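In what follows, a structure is listed as structure tokens, so that the remarks can point back to it.
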Amino acid sequence: MAILITNIGELVTNATAEDVLAGDGFVGDDPAGEDPAADRLLGIVRNAALVVDGGRVAWAGPASGAPAADEVVDAGGRAVLPGFVDSHSHLVFAGDRAQEFAARMAGQPYAAGGIRTTVAATRSAGDEQLTAHVARLVQEMQRQGTTTVEIKSGYGLTVRDEARCLAVARQFTDETTFLGAHVVPAEYAADPDGYVELVTGPMLEAAAPHARWIDAFCESGAFDADQARAVLEAGAARGLKGRLHASQLGPGPGVLLAAELGLAAVDHCTYLTDVDVDALRDSGTVATLLPGVEFSTRHPYPDARRLIDAGVGVALASDCNPGSSFTSSVPLCIALAVREMGMRPAEAVHAATYGGARALLRDDVGRLTVGARADLMLLDAPSHVHLAYRPGVPLVAATWSAGRLLT
């Protein structure tokens, strides 16, 4: 059944020049627009319509030229955007670290070791408890416009627990990531290299059937560059694509490692050298920025302006996790990126949609062009700018995934 969404005040397509050549979208200055650069970046069409058929976008353009459809939805002059692509989250966990957050707000510094608290709680939790918890968080995300989410393991850190956490995550997304190299668990504190052997051997063997990606936390207090390389290369040998946590707590070798290995994305990127920035630009590795972390840990925010001006691809994601960023809200991350990281509203929206899709090597989401998945949101606002302009306000009026109304 074809659905026509019409009377769209502003349609964000994220169409590119290639889309226009293929007849799939509209790019260029809109004479009705006040920001030509934003219009070009987001492929904005005003007074627009969109046709969804078979879970895909079948047509997009000016409402005056829209074809007939079986059902009509009136957007009432509001904005329609691609669904957010949240390319970094840790949703499979148990327990609560609210007291740790309160201590940080009182001046205690953040350290990676707090992860072990969640590991203990997650190991003790049953599969049903973990599944129900992930379901609740995914529903929170959907109500805020997220239609694609990547979910990592990393709070089990045993062969059995990493495999079962990934099996839970796979119920909700195909974008699952094996993060056995999150931290060294307490039982291996005296033998970190032995733990890396476990991760790259029996744990990887058990986890790989449930994962698309492999990741490591390359940071002081977690894993060094040699250990991270061993994990990523072992994963690649099993057919898993690579991504990396790096430069969250201070400068380090992770960004250069990610660029050298040609990983899809390297995440956090809070502390970067000029060499890091050049390597990201030259490799095409996406820098995924996670401002919810800096909000929660009081570390400096990443300099998104520096990356964008250098030609680095940027994504925005929530990093939803119980320790350093317990938010499921990509709109909050957009507002923080605009206020604290030097991003313009259009750049932040683009990073949270098209940029997230790039970070996951996806070309079927993060855009609303012909043939793309019909993953979209209706804002209770006339423009994408309101996502930053009205922080904390629940602006997402409806969310569709593959053409199916979720909220």
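Listing for the model above:
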read-out: Fully extended contour minus Cα-Cα distance, from GLU205 to GLU187, at 0.36 nm per residue; value: 4.4 nm
read-out: Label point distance in nm, ARG306-ARG281, each placed 7 Å from Cα along Cα→Cβ; value: 1.3 nm
read-out: Rounded percent of accessible protein surface that carbon and sulfur make up, the stretch 271-322, 1.4 Å probe; value: 51 percent
read-out: Distance in nm between pseudo-label sites at ASP174 and ASP127 (7 Å out along the Cβ direction from Cα); value: 2.3 nm
read-out: The stretch 180-231-the stretch 76-107 distance, computed between alpha-carbon centres (Å); value: 25 Å
read-out: Fraction of beta bridges assigned by DSSP in the chain that are antiparallel (%, nearest 5); value: 45 percent
read-out: Residues with amide H under 5 Å from that of GLY180, placed H, sequence gap 5 or more; value: ASP215
read-out: Efficiency of FRET from Cβ geometry, ASP363 and ARG136, R₀ 22 Å, rounded to 0.05; value: 0.15
read-out: For the chain, accessible area per residue (1.4 Å probe, heavy atoms of protein chains only), Å²; value: 37 Å²
read-out: Cut-off 18 Å (backbone N to label point 7 Å along Cα→Cβ of THR273), residues of the stretch 302-334; value: 303, 307
read-out: Simple Cβ-charge dipole of the chain, Lys/Arg +1 and Asp/Glu -1, about Cα centre, in debye nearest 20; value: 700 debye
read-out: Antiparallel bridge percentage (DSSP; both residues within the stretch 208-345; nearest 5); value: 5 percent
read-out: Mean residue ellipticity (222 nm) of the chain, computed from DSSP H runs ≥ 4 via -39,500 (n - 2.57), nearest 500; value: -9000 deg cm²/dmol
read-out: Pair ASP70, TYR389: separation of 7 Å Cα→Cβ label points (nm); value: 3.7 nm
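The values are calculated or read from the model by the stated rules, or taken from the named source; none is laboratory data. None of these values were measured; they are calculated from a predicted model. Glycine gets a Cβ as well: all are built from the backbone with ideal geometry, and neighbour counts include every protein chain shown. For the accessible areas, the whole protein counts, side chains as well, though only heavy atoms, and no ligand, DNA or RNA atoms are used. Shrake-Rupley method; radii C 1.70, N 1.55, O 1.52, S 1.80 Å.
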